[in-house]
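The next block holds one structure in the form of C-alpha cells; read it before the comments.
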Amino acid sequence: MAIALEPCPFCHSNHLHFAHSGLDYCVVCQSCKSKGPHQGELESAIGQWNQASRAAFMHEENQEGASQPQTRYCSARG
Ligand SMILES: [Zn+2]
C-alpha cells in the first residue's frame, strides 16, 4: 500500500513520523514536532494531515493575489 504524505503544513518538512498512541494514530513532524489530528485509523490520520498541508499551502499561494486586505501585526505606521 502506497501512502502519499504531504509535507508538514507548518515547516514544510518531509521528516514525518507516525505516532501510535493507544488506539489512535497521528502524524508527527520530526522537525517542528507538530502533530496532526489523532484518528482511529492510520489512513484517516494521513488524510487529515494531507488536508491540513494542502490548506496551508493553498493559503500561502493565495496571499500573493489576495484581494482581501491582510492584517499584519508586526508592521508599524510612522
Ligand atoms: Zn514541521
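The values are calculated or read from the model by the stated rules, or taken from the named source; none is laboratory data. All of these numbers come straight from a predicted model, not from anything done at the bench. Glycine gets a Cβ as well: all are built from the backbone with ideal geometry, and neighbour counts include every protein chain shown.
Among the numbered conditions (1) at pLDDT 95 or above; (2) more than 15 Å from the ligand (Cβ to nearest atom), tell me where His15 comes up short. Condition (2) is where His15 drops out. Flag: Ala56 does not match the condition of being modelled with pLDDT of 95 or more and part of a helix (DSSP H, G or I).
When Leu42 is evaluated against the numbered criteria (1) surrounded by fewer than 14 Cβ atoms within 10 Å (Cβ to Cβ); (2) more than 15 Å from the ligand (Cβ to nearest atom); (3) of a type in the set (A, V, I, L, M, F, W, C), which criterion, by number, is the only one it fails? The number of the failed condition is (1). The set of residues from the range 6-26 being surrounded by 15 or more Cβ atoms within 10 Å (Cβ to Cβ) and within 19 Å of His59 (Cβ to Cβ) comprises Glu6, Pro7, Cys8, Pro9, His12.
Residues in the range 21-56 that are among the small types (Gly, Ala, Ser) and more than 13 Å from the chain's Cα centre (by Cα) were compared, and the one that is nearest to Cys11 (Cα to Cα) is Ser44. Scanning the range 18-35 for residues that are within 10 Å of the ligand (Cβ to nearest atom) and outside any strand (DSSP E or B) returns Gln30, Ser31, Cys32, Lys33, Ser34.
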